[in-house]
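In what follows, a structure is listed as structure tokens, so that the remarks can point back to it.
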């Protein structure tokens, strides 16, 4: 669907569809968790559960980064949302595998295979090593960065399959529904003031550009006026020369007429 809509130039339609799909996934996971609360404690816990899905924009951002395979943006948001959460460590490991396998998006910081190999190797030597201590089945993936064509390798080819991608995505959506997102920014008032400052800078830059364009227009107008004056003078010179030529011709005619015998 993405390829069709973008091929038809319907970029806004695709963005709308994608955001609605993500919102629907998150809403579905949230309802499942709320409906699972026992009746006797439902009134106490529903409010807190609903509060955990308050920041839909951050969730939309990270799901967009996932779907567009934007590695750097995704893991910046992952660190913001999940921070040091231990309950999603296996998901974190599988996400690293997914982004290693997926085709790089234009503008992705890790666009070529060697860079992705180095990035995965670094993860496996640090956070990945700690996760593998809890699940020995993950140890096999420590060889992944050193395999030239992992997509064809019988041990690793399954992580290139759409089934693996769908499973990781579903677990990510479910994990997001349980998180309360705490941004590292300052108070909302400060954010608004900073935004106003940025808008003022943009406006000032626009005014400067408009003034510069006006000056350029005035300079071009002056040059055109000078050219017009020069052409007018040249034309007058040509016309004057023609007039003198005509006067000379008239005088010569008169002289010939006076000299001719009667």
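The values are calculated or read from the model by the stated rules, or taken from the named source; none is laboratory data. In this text the structure is predicted, and so the values were computed from the model without any measurement. Here the Cβ positions follow ideal geometry from the backbone for every residue, glycine too, while neighbour counts run over all protein chains shown.
Among the conditions (1) part of a helix (DSSP H, G or I); (2) modelled with pLDDT of 85 or more, residue 155 misses just one, which is (1).
Count of region 134-154 residues, restricted to those that are touching a residue at least 12 places away in the same chain (Cβ under 8 Å) and under 15 Å from residue 102 (Cα atoms), is 4. Pairs are defined by a Cβ separation below 8 Å, a sequence spacing of at least 6 or placement on different chains, a first member in region 233-251 that is surrounded by 10 or more Cβ atoms within 10 Å (Cβ to Cβ), and a second member that is at pLDDT 75 or above and not in a helix (DSSP H, G or I); no pair meets this definition.
Residues of region 155-168 include at least one that is over 27 Å from the mean Cα position of the chain (by Cα), touching a residue at least 12 places away in the same chain (Cβ under 8 Å) and more than 18 Å from residue 92 (Cα to Cα). Would you call residue 97 over 14 Å from residue 145 (Cα atoms), modelled with pLDDT of 90 or more and in a helix (DSSP H, G or I)? So residue 97 fails the test.
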